[in-house]
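The values are calculated or read from the model by the stated rules, or taken from the named source; none is laboratory data. Nothing here was measured: the structure is a model prediction, and the numbers come from that model. Neighbour counts are summed over all protein chains in view; Cβ atoms, including those assigned to glycine, are modelled from backbone coordinates with ideal geometry. Surface accessibility is based on the protein's heavy atoms, side chains included, excluding ligands, DNA and RNA. Shrake-Rupley method; radii C 1.70, N 1.55, O 1.52, S 1.80 Å.
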Amino acid sequence: SGIGGGAFLVWYDAATGTVTTFDGRETAPRAATPALFLDPSGKPLPFFEAVVGGRSVGTPGALRLMQKVHGRYGKKPWAGLFSSAIDLADKGFAVSPRLHDLIAEDTGRLDRQLAAHAYFYDAAGAPLAAGTVLRNPAYAGTLRRIAAEGAGAFYSGPIAGDIVAAVASHPTNPGLLSLEDLAAYEAKERP
């Protein structure tokens, strides 16, 4: 799902024959209530009204999970794990015909989100053409910070502040994620 989502990880230890699972799924913001996905009359919101924007954003767990597992089982230095992704974000990659088609199919929803529009559409408002090089220097910067400082750099400080601000300031569907939600997140080890 990427660093802004959640994950499960199943670890098999061949030496002992044991299986351990790690739960890094997103959790609901503490301010969430049972009415979060209901309209004013108490009826469930249509799917895209509920999920597009900040309302559906939970506390992401993937990075806490990965750092927890790396701390126990990792063999390579944490910082080096990000090099390929940082390089790809800096240098970019060519938009594939499939990605172009997916962007085009989601026109009408994706292009109404300011950040997505700026990233996935050209200056004329058309979906990026196949072959266009798509770069993401801001993401590379985020990954550099996480590589250098650990997952905590994502869950507190400027990155966390930017995440919370983006969720809360969505123009049509703001969410409830808070700095406290991010700071308190813990991945769980489960049998």
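Key figures
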quantity: Other-chain or far-sequence residues with amide H under 5 Å of ASP106's (modelled H); calculated: none
quantity: Probe 1.4 Å - accessible area at LEU38, Å² to nearest ten; calculated: 60 Å²
quantity: Size descriptor, Kirkwood hydrodynamic radius, that averages inverse alpha-carbon separations across the stretch 95-151, Å; calculated: 12.5 Å
quantity: Per residue accessible area of the chain, 1.4 Å probe, in Å²; calculated: 59 Å²
quantity: Cα-derived Rg to Rh of the stretch 31-139, Kirkwood definition; calculated: 1.08
quantity: Net +/- balance of residues flanking LEU9 in space, Cβ distance below 14 Å, scoring K and R +1, D and E -1; calculated: +3
quantity: Spherically averaged projected area in nm², based on the convex hull that wraps the Cα atoms of the chain; calculated: 13.2 nm²
quantity: Within the accessible area of the chain (1.4 Å probe), percent carbon and sulfur; calculated: 60 percent
quantity: Residue-by-residue Karplus 3J(HN,Hα) for the stretch 125-130, coefficients 6.51, -1.76, 1.60, Hz, glycine and proline x; calculated: x, 8, x, 3, 6, 4
quantity: Mean-position separation - Cα centroids, the stretch 1-65 and the stretch 115-171, in angstrom; calculated: 19 Å
quantity: Relative contact order of the stretch 72-191, defined on C-alpha pairs under 8 angstrom at six or more residues apart (%); calculated: 27 percent
quantity: Proximal charge balance of GLY125 [Cβ under 12 Å; K/R count +1, D/E count -1]; calculated: -1
quantity: Label-to-label distance, nm, for residues given as THR21 and LYS91 (7 Å Cα→Cβ offset); calculated: 3.8 nm
quantity: In Hz, Karplus ³J(HN,Hα) per residue of the stretch 30-40 (6.51, -1.76, 1.60; θ = phi - 60°; x = Gly, Pro); calculated: 4, 7, 5, 10, x, 8, 3, 10, 10, 7, x
